[in-house]
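Participant: So that we are looking at the same thing, I have put the structure below in structure tokens.
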Amino acid sequence: MRPALLASLAIALTACATPRPKIVPRYIMDPELYALDLLNTWSCEIQPAPGATPVPPFRYTVEPELGGAFLAGRVELQPPDPAQPIITRDSWGFDPVSRDTWGFDPVSREIFRSFRTREGDFGTLRTRGWEGDRLVLLGEAVFSGQRSPARETLQRTGPSQFNARWEKQTPDGTWTTFSNERCAWTRPGA
């Protein structure tokens with residue numbers, strides 16, 4: 001064999017034998033996300049507006065995602081009978097009712113929440129964090145095919161409870177509530 005070919009083969013074999021650098025995943029969550037104190041499974045009820053169709057209760061589960069760089073939330077309907085399993089797929093075979101992602105934007109120093117629902121609604125809301133017992137997220141969303149400013153206000157009502165109010169802004173600037181939710185921490189095994 002030619003010396004140049006042998007040298008190339010030796011370099012290639014040496015490169016293959018050299019271990020790749022170890023990639024250390026990011027398991028530590030951003031402190032801003034941890035401070036949200038949402039990691040849990042929450043049992044929630046929607047208080048329907050007068051004359052509106054009642055909505056079944058749901059579970060909202062928030063877990064670390066991608067090594068803790070983000071939080072992943074999902075809403076699953078609860079059956080009327082607590083002995084029945086949580087409905088993780090509806091009659092059409094769809095996954096949970098909605099999914100969301102919480103993250104921290106290091107450039108703007110804001111927490112964001114991007115959500116999407118099986119009805120096709122979606123949006124991104126932002127906040128600087130808790131102010132006392134209130135967390136107000138503002139942004140833009142598309143509901144029923146209409147884009148509008150949106151606001152979600154979380155209000156802690158106890159050490160393991162919060163209320164969430166969803167609002168959208170009408171063209172005249174008025175904020176209209178379309179969902180009031182009461183959520184409580186679900187104890188493991190409950």
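Participant: Determine the gain in length on full extension of the stretch SER160-SER144; use 0.36 nm per residue of separation and subtract their C-alpha separation, reporting nm with one decimal. Before the final figure, lay out each step's value.
Facilitator: Numbers: separation 16, 0.36 × 16 = 5.76 nm, distance 3.22 nm.
Between SER160 and SER144, full extension yields an extra 2.5 nm.
Participant: Then there is this: Quick one: which of 165-173, 123-131, 56-64 comes out on top by average Cβ neighbours within 10 Å, and what's the full order, highest first?
Facilitator: Top of the packing list down: 56-64, 123-131, 165-173.
Participant: Please identify which residues in segment 158-181 have an amide N closer than 12 Å to a label point set 7 Å out from the Cα of ASN40, following the Cα→Cβ vector.
Facilitator: Counting only backbone N, you get 158-163.
Participant: Evaluate the distance, in nm, between pseudo-label points positioned 7 Å from the Cα of ALA69 and of GLU119 along their respective Cα→Cβ axes.
Facilitator: 3.3 nm
Participant: Among VAL55, VAL75, which comes first, second and so on when ranked by fewest other beta-carbon atoms within 10 Å?
Facilitator: On the way: VAL55 15, VAL75 19.
Exposure proxy ranking, most exposed first: VAL55, VAL75.
None of the figures in this text is laboratory data; all of them are computed from the coordinates on show. As the structure is a computational prediction, the values presented were derived from the model and not from experiment. Cβ atoms come from the backbone with ideal geometry, glycine included; neighbour counts cover every protein chain shown.
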